[in-house]
Amino acid sequence: MIPIVYDQLNRWGKDDDFFLSLLQKLNIKQLADLGCGTGRLTVHFAQQGYEVTAIDPNKEAIEAAKSKEDAGRIKWMVGDSVALETNAYDAVIMTANVAQVFLTEESWQQVLADAYRALKDGGHLIFDTRNPLAQAWIAWMQDDTPDAAVHPDNGDPLEIWTTYEGLEDDIFTFYETVKNAQTEEVVAREKIQLKFRTLEVIRESLQEAGFSEVRAYGDWEVHKATTRSKSFIFECMK
Ligand SMILES: C[S@@+](CC[C@H](N)C(=O)[O-])C[C@H]1O[C@@H](n2cnc3c(N)ncnc32)[C@H](O)[C@@H]1O
């Protein structure tokens, strides 16, 4: 996540509409947005009237989030799932594949345990993650053209170049480099790693963490997940 270009590269999508409408169906007052990033979606949660706590370890992203309209309604925290309060939320949500940043089994079990602890009885954990069987990285690696953005501070044109290391142990590694399009000066560079877990592995880990009702959708039209789905969207109840 490179905050200066993140929102420009990740525009509003069907996934965002899905998360908003799913929350509307549940009886939510207190919501925790874990891995909120730049608050791209978080501010919309607050605008829906939820009392939102938003947590992300990326300090620069939280600073960017705080400058958004209606950001003042949200409790922002730099941190991770350990910072979640206990028995405090009707839902904990992780959007835009945050679930894939947890590379080890220990870190994945920790975030599920923290989410479970943080939810009130009957509360929901909601997140999306990509299906390893859909092999999204094959299409990613075929795209060798840079993305374009502008620097939010000075309007300079930027290019975002992605280079790929590949998949090892179900972890896909790539690098994003943001350059000034005119001077080629490197403005930011980040290594990104994403863990791909199967439907069954995730289901089991949720059950082990204590979640009872576990629903898995396979697209943004609320169809049931199958091994052919591109993504899985989980809705689990404490
Ligand atoms: C793809 S972004 C998603 C941001 C946001 N949820 C959205 O919908 O735009 C992934 C986010 O996960 C955050 N992240 C990385 N490690 C994390 C951790 N241990 N706990 C919570 N979030 C983490 C990153 O800082 C980044 O903001």
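None of the figures in this text is laboratory data; all of them are computed from the coordinates on show. Quantities reported herein were computed from a predicted structural model and do not represent experimental measurements. Methodologically, a virtual Cβ is constructed for each residue, glycine included, from the backbone with ideal geometry; neighbour enumeration extends over all protein chains shown.
At a Förster distance of 35 Å, what's the computed FRET efficiency of V82 paired with E184, Cβ-Cβ distance as r, to 0.05?
On the way: r = 40 Å, r/R0 = 1.15.
About 0.30, to the nearest 0.05.
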The answer for L158, listing residues at least 5 apart or on another chain whose modeled amide H is closer than 5 Å to its amide H, is A149, V150, H151, A181
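Sort I93, I62 so that the residue with the fewest other Cβ atoms within 10 Å of its own Cβ comes first and the one with the most comes last.
Values: I93 28, I62 22.
Neighbour counts put them in this order, fewest first: I62, I93.
Can you put W12, W137 in order of Cβ neighbours within 10 angstrom, beginning with the fewest?
Details: W12 11, W137 18.
Fewest-to-most ranking of W12, W137: W12, W137.
Determine the relative contact order of region 134-195: mean sequence separation of Cα pairs under 8 Å and six or more apart, normalised by residue count, in whole percent. Intermediate values should be presented prior to the final figure.
Working: 102 pairs, mean separation 14.6, N = 62.
Relative contact order here is 24 percent.
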GNM of the chain, Cα pairs under 10 angstrom: of L26, L103, L125, the biggest fluctuation goes to L26
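Full-extension gain between N97 and S21, please, as 0.36 nm times their residue separation minus the C-alpha to C-alpha distance.
On the way: separation 76, 0.36 × 76 = 27.36 nm, distance 1.78 nm.
Here the answer is 25.6 nm.
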What does the helix-only formula give at 222 nm for the chain: each DSSP H stretch with n ≥ 4 adding -39500 (n - 2.57), the total divided by the residues, and the result rounded to the nearest 500 deg cm²/dmol?
-> -8000 deg cm²/dmol
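Would you work out if region 64-139 is rounded, prolate or oblate? Take a ≥ b ≥ c from the square roots of the eigenvalues of the alpha-carbon gyration tensor; rounded if a/c is under 1.5, else prolate when a/b is larger than b/c, oblate otherwise. Write out the running numbers ahead of the final one.
Details: a/c = 2.01, a/b = 1.29, b/c = 1.56.
Taking the square roots of the gyration eigenvalues as a ≥ b ≥ c, region 64-139 is oblate.
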Which residue, D169, D16, D56, tops the fluctuation ranking in a GNM of the chain built on C-alpha contacts under 10 Å?
-> D169
What is the Cα centroid distance between region 144-223 and region 56-106, reported in whole angstrom?
-> 16
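Quick one: D144, D7, fewest Cβ neighbours within 10 Å first, how do they rank? Working shown, then result.
Numbers: D144 9, D7 18.
In increasing order of surrounding Cβ atoms, one gets D144, D7.
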Evaluate the charge dipole of the chain about its Cα centre and quote only its size in Debye, nearest 20, assuming +1 on the Cβ of each Lys and Arg and -1 on the Cβ of each Asp and Glu.
-> 760
Where does the Debye-calculated log10 I(q)/I(0) of the chain sit at q = 0.08, 0.09, 0.13, 0.14 Å⁻¹, using only Cα point scatterers of equal weight, no solvent?
-> -0.30, -0.38, -0.81, -0.95
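Kindly give the semi-axes, whole Å and largest first, of the ellipsoid equivalent to region 134-195, taking each as the square root of 5 times a Cα gyration tensor eigenvalue.
Details: eigenvalues 135, 26, 16 Å².
Output for region 134-195: semi-axes of 26, 11, 9 Å.
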Tell me, what HN-Hα J-couplings in whole Hz come from the Karplus equation 6.51 cos²θ - 1.76 cosθ + 1.60 at θ = phi - 60° for each residue of region 23-31, using x for Gly and Pro?
-> 5, 4, 6, 9, 8, 10, 10, 9, 10
What list of ³J(HN,Hα) couplings, whole Hz, do you get for region 195-203 from phi and the Karplus terms 6.51, -1.76, 1.60, once you set θ to phi - 60° and write x for glycine and proline?
-> 8, 9, 10, 6, 3, 5, 4, 5, 4
Output the relative contact order of the chain, whole-number percent, from Cα pairs under 8 angstrom with separation of 6+ residues.
-> 18
Let me know the shape class of region 1-61, please: from the alpha-carbon gyration tensor, a ≥ b ≥ c as square roots of the eigenvalues, rounded when a/c is under 1.5, otherwise prolate if a/b is greater than b/c, or oblate.
-> oblate
Which value, in debye to the nearest 20, gives the size of the charge dipole of region 134-195 about its Cα centre, when Lys and Arg are +1 and Asp and Glu are -1 at the Cβ?
-> 80
From phi via Karplus (6.51, -1.76, 1.60), per-residue ³J(HN,Hα) for region 93-104 in Hz, x at Gly/Pro = 10, 10, 9, 6, 6, 3, 4, 7, 7, 8, 7, 9
Amide H within-cut-off set for A96, under 5 Å, with H built and near neighbours excluded = D128
Quick one: among E213, E221, E176, which has the greatest mean-square fluctuation in a GNM of the chain with alpha-carbon springs under 10 angstrom?
-> E221
Long-range amide H partners of G123, meaning residues 5 or more apart or on another chain whose placed amide H is closer than 5 Å, are K238
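More than 22 angstrom separation, counting every C-alpha pair in region 147-238; what % is that?
Values: 2240 of 4186 pairs.
Of all Cα-Cα distances in region 147-238, 54 percent exceed 22 Å.
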